[in-house]
Structure formats: structure tokens, C-alpha cells
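The values are calculated or read from the model by the stated rules, or taken from the named source; none is laboratory data. This structure is a prediction, so every number in the text was calculated from the model and none was measured. Cβ atoms come from the backbone with ideal geometry, glycine included; neighbour counts cover every protein chain shown.
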Amino acid sequence: MKAGLYSLTGCAGDLLRIVNIEDKLLEIFDKVEIMDFALASSRKVHGKVDVAFVEGSVTTQKDLEYIKKIRENSNVLVAIGDCAIWGGVQASLTGIDLKELMKSVYNTEENYYGFLGEHKAISEVVKVDYELPGCPIEAEEFIELLIDVLRGVLPEFKDYPVCVECKIREVPCLIIERGEACLGPVTVGGCKARCPYNNAPCIGCRGPIKDEANVAGELSMLLEKGWKREDVVNRLKLFAARYKDVSKLIKG
Amino acid sequence: METANEVIVEHVTRVEGHGNIKVLIEDKRVKEVKFEIYEGPRFIEKVLVGRTYYEVPDIVARICSICPDPHQVAAVEAIEKALGVSVDWQTKMLRELQLLADVISSHALHLYLLALPDYLGYPDALSMVDKYGREVKMGLELKRAGNVVKEVLTGRSIHGCTVKPGGYTRVPTPSELEKLSSTLRQSMEGAILAVELFSSFKYPDFVRDENVFMAVDPGGIYGFMGNHILVSDGGRYPVEEYKKLTNEVTVPHSTAKHSSYKGRPFMVGALARVLLNKRKLKGRAAEMLKELEPKLDAFNPLTNNLAQAIETVYAVERAVEVIDELLDKGLKQDVEVKVKPRRGVGVSAVEAPRGVLYHCYELDDEGRVAKADIITPTAQNAANIEKYIKVSAERLLSMGEERLEGPLELLVRAYDPCISCSAHLIKVIKIR
């Protein structure tokens, strides 16, 4: 199987998570022919790939052209990580004027960098065949996906929240017990409740459960616990500003 | 007759981030040099505005997947200064351990997977397995050791979740720490092998030129945190003066701003740290340095790789020592300091694997971020990289060298730039 691993705008964390599977890395790359993986290799083989794994948001004109080329060149396109699926933390700026953004960080109103004006998810610009959530992705889920792809199938999407995994690991509920602004109820499970297990509230890095996450319910529950609307909306939009129900909340 | 000749040679790879090197040559002279960073702008400092201090470490981690840890530690240290909070010895030691772990995994990644293929003549580390299987496996083992420490300490090897202003949400158990200690001890062989490898290579001297260094003053022993910055001209400044030290300007060809000190580009990173703090190294790293010091050339950034290797040996030994001290004293759970929001400003500097990293926050009455300013090592190094590209290109041309791309790529990679994501292009434009 021929594979390409590509990066758009982001921190490179999803591809690095793959490189960080130290104990299985050699085995993985024994089964897959890597055509393009600029983060780790200078070798680039031209030709169509069976599967493209793409991380990062579509942020610049270059990203846009690149992802279109990748789409044309691949049979299966998998978006990996929150940037690729929801636009990443940078997408929480959706709605803010380009000039204001440039001014705030680069002290100029010029669009020096071919910025598209917003940070888009890959599925907003090309067809995506599968999405593997996480910030970063989970090694185990990546390996499962790869095994399926090698067999010519794609796994089912997970449609249960992080809360289910808290129950399995017997983690006391951070919302009920401590009144924390935990986003577990609206966030796709699969991380084994990493953060609540470590006494930290879920920040929603795996993104919302598509078409099912009840963000309005999450908001009203946390308002009842005494949280300010502004702070809850800020948290909800960090990894999911482009999810329709969250963008409704942002607009008020 | 003038002809413009544009040569696109190859993708500059095995560097984290999107960047180009452009060299414009006219009549065998270097007319212009640009280290272009075309990484999409993410405006992370703007993402932070309006958010509570508590959320900051989770967000700044996302700046970089190779060094989320120094970003988190820098953030919590700056926020604690702004809020007037001080943490106890245990939390400080755990933060040092977190930084050491990141140095180990980051340097191992750079030395074994990104830089070594250059010196052994391969496109990547995986292709080296047949002939250099032992090296690749030991490099991966070393990298894994750093990542395992991060996983236990922060909940994840990339973008950990336990790091908060006031302390860690979860403190490792003694048995977890004992396990980490044994993993680290086993990885020592890989660190030593890196020194053997990178001290055996010949570093070409076409890059040599005078240099200015900066590093955090760690105090008594070699380390990665402190309240002052050391400069190779003898200067020592409080971190609060970071703006004067970095003098950032926005340049159109790069989403990383460019820095200068007294009008000159400067270098941060392992070479700067080892040369400015060499008497503070201890143990095996100190012994190795004694023998290898002549090879660490302040005027040759390529020797940064060797400095990284020596520093990795130190980091592994020191991490084991930190764990021993923590176990000796006995670990306390629930030491997270309760933090009260208030208005304030705080600046911190920590050493990320690639050099000095500054975080500055202005918080409002409710502890929300009013303003954030983050200066990364690669942004500081960008102007220095351009300077050395120019010097090197001129020398190579005068030596009659036709193909500049390989050597220039080697040079850029030696800085271990962390631009954020792959795919790069070296473009040499020749005008005859």
C-alpha cells in the first residue's frame, strides 16, 4: 500500500504522534510504502497514493492548492487531528476580521502570508473519506485505522462521549463532584478520558460528536453550576468553533 | 546578456515547519538571501485574549508538538508571576523534569531521525535500518524515554493536560517514578552513542563566522529555567527586558518575526547553552565536554548538533537525579496551589530544546488574558540563519561550488528549526 503523510497549517503534532510510536514505527513502515513524508524523510516518490493522511487546517492559499493536489493524487483521504477536522484552536478566531488579526500579532494590516481570512477544516474544501479525531490523534486509534485501511475498509466513527470512558475507568465526574467546566459530555470519546483521569477537565480537543453533541445543554448545565457564559463559550469554541451549534452560540 | 535562471532543486525536509531558503545570485555574488517561513499564521497570541489564566497552558502547548512542554512551563511561570503566586520545591522539580524530558525526546528526534541521515548519506532514518539498525533503534529508544516521562507526568507525550498555574493536577506515584528512572537509565546508551556519532563527523568550515549567543542563566547548576539572560558579550539581563534583547520586527517573507541584539543577529539553542554555561555541566556530560570542547566551535552553527548530543547525556543523568531527589523527599499529592485571579503582568524565559523561549502575559482583574506575547527560539534564530546562509553561499561560490542546496540545507537543519509542519523548498535563483 502506498501512503502519503502531509501537513497543512498546525503544530505537526499528528504526524509527530505517528513518529512517536517508537516501538512499532519500523513495523508500520515495513507494511506501507511511504511516498511522501516531508517531516521525516527527504525522499519523495511521484505517483498516486492509495491513502493520504493529512493534518492541519486550510489557512493559506498554499494550503488550499496543496490539499486540492493531495485530493487528486489519492484514492482515500483521511483527515487526522482537530486542525484538519475542525480547523484547530486557530479556528476559534472565526469571525474576526483579517486586518484586526494581522494588526494584533504582526502589527500590520497587510495580508503578507496569503491568509485565507479564516482557518478551515479540510472537509470544507475537498471530499474527506475518513476523520481521525484528537489533538493530537491517539496512537492506538491510528494503528487500528491503518490495519483497516490495509484490509481495504474504514472503521466506524465513534459516536459516544468521553463520559463513557470516565465511567469505564471509574473517574469521578468532574462536573458533578467539583463543578468543573468539563467538556466530556459533548466530546467524542476514544482517548480513554485522558484528562479527567489526570484530574483535569476535558477541553474538547477531540471535537464534538457530529450531529449529536448537545452544546446548548452543556452550556445551560454549566451556567447552573455558576460558570459565566463567556467562559463556557470560549471553551466550547477552542476546538470546535466551526461546529454549527457552537457557531450559533458564538453569534449569541 | 542577462538570463534569469530559477532552479528548484529539492524539498527541504526533516525540519519541522514550512519554509524556503532563497538565494539570489548575480555574477557569482550573493545578492539576497531569504529564509522564508510560509507556515500559515495561527495568531495564537490572539486566541489567548479574553481567556482565563487556567486555559493558557493547554492552548500554548498547541504552538508546537515537539516542544509543548517548555511552552507550558513558560506560561505557568509567567502567569504565576502575574498573579503573585509561588509554587513549592516539588512542583519546581517536576517542571524541571518535564523540560528535561522534552529536551531528551526533541534532541533524540533531531539527532537520530532528522540530522543523522545527512551525515550518513540517507534520505531518512528508516532507510538506514539495514546498515545502521543499532543506531536507529537506540535513537528511537532514547526518544521514547523522553516521551514516556512526559506521558506519565503530563498525561500525554504531546500536549499534556496536567500542567496548570499553581502546580500539576496529578503528581506521579513513587512506583511510576521508579519505572521512569529505569527507562531513563536504559536510554543512556543512546545518548552516549549520539555523542560518539556527532563527535566523529567533520563539520565543514565554510559556515564559520563570528557569532553572538544568548541563553537563560540557570544559576548554580546547568538547567533550563532562570530569571536572567546571559549574552556572549558578557551581558546579563533580567528576563523582563526581553523586548530589548530580542528587538522583534515583522518581515513580509516570514510568519516568524526577526530578532536582533544591538543591531546584530544572534543564536540561541544547545550550542549557546553549552558554551555559555559549560562550567555548570556535571557528571558524564562534563567529562565528555572536557575532551570535546575544541570541537564545539562558537563560530560554526553546524556544531550545534554535537552540543545537543552532549546536552542529552546531561539531561538523562539529571532527570534520573531529579527523580531520585523527589523519591527521597517523598511525593506529596494535592500540592496544587490555589490561585486567586488578579490584575498583573508576568514575564518568563525557559530554555526550549531550540533555545530561549519568552512568554509574557497581562492579566485583568478577573485573571483573563488582556495581552499575550510569545517569542520562540526559531523566531530569534531566523535572522542568524539568514546571516549564515549568506556567508556560506558566498564562500561556497568562491570555492567554485556549483550546487549550494545540499550544504545550505545541512546548515538550516543544524539549527533544528521548529517552524511548525513539513514540506519545504530550497530555491536558488541564479542570474548570470
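Checking each residue in region B:49-66 for being more than 8 Å from every other protein chain (Cβ to nearest Cβ) and crowded, with 24+ Cβ neighbours inside 10 Å picks out B:Y53, B:V56, B:P57, B:V60, B:A61.
Of all residues in region B:171-181, one or more are within 14 Å of another protein chain (Cβ to nearest Cβ), crowded, with 20+ Cβ neighbours inside 10 Å and part of a loop (DSSP other than H, G, I, E, B).
Evaluate region B:102-114: report whether one residue or more is more than 15 Å from the chain's Cα centre (by Cα) and either small (G, A, S) or not in a helix (DSSP H, G or I) (or both).
no
Scan region A:170-191 for residues that are of a type outside the set (A, V, I, L, M, F, W, C), touching an Asp or Glu at 6+ places or on another chain (Cβ under 9 Å) and touching a residue at least 40 places away in the same chain (Cβ under 8 Å) and the total you get is 1. Of all the listed residues (A:K192, A:K210, A:K158), the sole one being in a loop (DSSP other than H, G, I, E, B), under 26 Å from A:G252 (Cβ atoms) and under 19 Å from the mean Cα position of the chain (by Cα) is A:K210. Which of (1) modelled with pLDDT of 95 or more; (2) surrounded by 20 or more Cβ atoms within 10 Å (Cβ to Cβ) does A:D129 not meet, given it meets every other one? Of (1) modelled with pLDDT of 95 or more; (2) surrounded by 20 or more Cβ atoms within 10 Å (Cβ to Cβ), only one is false for A:D129: (2). For region B:130-146, enumerate the residues that are buried (at least 17 other Cβ atoms within 10 Å of the Cβ) and either within 8 Å of chain A (Cβ to nearest Cβ) or at pLDDT below 95 (or both). Matches in region B:130-146: B:V136, B:L140, B:E141, B:K143, B:R144. Considering only residues that are part of a helix (DSSP H, G or I) and in contact (Cβ under 8 Å) with a residue 24 or more places away in the chain, which ones fall in region B:47-59? Scanning region B:47-59 gives B:L48, B:Y53, B:Y54, B:V56, B:P57, B:D58.
Taking only region A:34-56 into account, find how many residues are more than 7 Å from chain B (Cβ to nearest Cβ) and outside any loop (DSSP other than H, G, I, E, B).
Here the count works out to 10.
Cβ separations smaller than 7 Å between residues 6+ apart or across chains give the following pairs from region B:76-88 residues that are at pLDDT 95 or above to residues that are among the polar types (S, T, N, Q): B:E77/B:S348; B:A78/B:S348; B:E80/B:S86; B:K81/B:S348.
To keep it simple, each residue is scored yes or no on (1) outside the structural domain of A:N73 (by TED's automatic domain parsing); (2) farther than 30 Å from B:A370 by Cβ.
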position: A:S92; (1), (2): no, no
position: A:I96; (1), (2): no, no
position: A:L116; (1), (2): no, no
position: A:H119; (1), (2): no, no
position: A:K127; (1), (2): no, yes
position: A:G134; (1), (2): no, yes
position: A:I168; (1), (2): yes, yes
position: A:C195; (1), (2): yes, no
position: A:A200; (1), (2): yes, no
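Here A:K192 does not qualify as farther than 23 Å from B:P57 by Cβ and of a type outside the set (A, V, I, L, M, F, W, C). Going by what's in this entry, would B:D373 be described as touching a His at 6+ places or on another chain (Cβ under 9 Å), at pLDDT 90 or above and over 17 Å from B:N211 (Cβ atoms)? Taking the combined requirement at face value, the residue satisfies it.
Just one of the listed residues (B:D118, B:D69) is buried (at least 20 other Cβ atoms within 10 Å of the Cβ) and within 13 Å of chain A (Cβ to nearest Cβ), and it is B:D69.
Annotation note: Cβ proximity below 7 Å between a residue of region B:117-144 that is farther than 21 Å from B:E189 by Cβ and a residue that is among the hydroxyl-bearing types (S, T, Y) (sequence gap 6+ or interchain) occurs for B:P123/A:S41; B:P123/A:S42; B:D124/A:S41; B:D124/A:S42. Looking only at residues in region A:89-134 that are more than 9 Å from chain B (Cβ to nearest Cβ) and hydrophobic (A, V, I, L, M, F, W, C), the one that is nearest to A:I21 (Cα to Cα) is A:L132. If you check A:I137, A:I143, A:I85 for being among the β-branched types (V, I, T), over 16 Å from the mean Cα position of the chain (by Cα) and more than 8 Å from every other protein chain (Cβ to nearest Cβ), only one passes: A:I143.
Yes/no matrix, rows are residues, columns are (1) over 15 Å from B:V322 (Cβ atoms); (2) within 14 Å of chain A (Cβ to nearest Cβ); (3) of a type outside the set (V, I, T):
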position: B:V152; (1), (2), (3): no, yes, no
position: B:C161; (1), (2), (3): yes, yes, yes
position: B:P165; (1), (2), (3): yes, yes, yes
position: B:T169; (1), (2), (3): yes, yes, no
position: B:S199; (1), (2), (3): yes, no, yes
position: B:N211; (1), (2), (3): yes, no, yes
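When you scan region B:184-296 for helices (runs of 4 or more DSSP H) that lie fully inside it, which ones turn up with 3 or more residues that are of a type outside the set (F, W, Y) and within 21 Å of B:S106 (Cα to Cα)?
B:270-276, B:283-292
Hey, does region B:149-160 have a residue that's surrounded by 23 or more Cβ atoms within 10 Å (Cβ to Cβ), in contact (Cβ under 8 Å) with a residue 40 or more places away in the chain, part of a helix (DSSP H, G or I) and β-branched (V, I, T)? Yes - at least one qualifying residue is present in region B:149-160.
Only residues that are in contact with a Ser or Thr (Cβ under 9 Å, 6 or more places away or on another chain) and crowded, with 20+ Cβ neighbours inside 10 Å were counted across region B:321-360, and they come to 10.
The residues of region A:224-247 that are closer than 22 Å to A:P133 by Cα, more than 10 Å from chain B (Cβ to nearest Cβ), without any contact (Cβ under 8 Å) to a residue 60 or more places away in the chain and of a type outside the set (A, V, I, L, M), listed by number, are A:K244, A:D245. As for region B:230-238, it holds at least one residue that is in contact with a helix residue (DSSP H, G or I) (Cβ under 9 Å, 6 or more places away or on another chain), over 30 Å from B:F201 (Cβ atoms) and not aliphatic (A, V, I, L, M).
In region B:384-392 there is no residue that is in contact with an Asp or Glu (Cβ under 8 Å, 6 or more places away or on another chain), at pLDDT below 90 and within 30 Å of B:K278 (Cβ to Cβ).
For the residues A:E170, A:E165, A:E180, the requirement of being out of contact with any Ser or Thr (no Cβ under 7 Å at 6 or more places or on another chain), at pLDDT 95 or above, among the charged types (D, E, K, R) and not in a loop (DSSP other than H, G, I, E, B) singles out A:E165.
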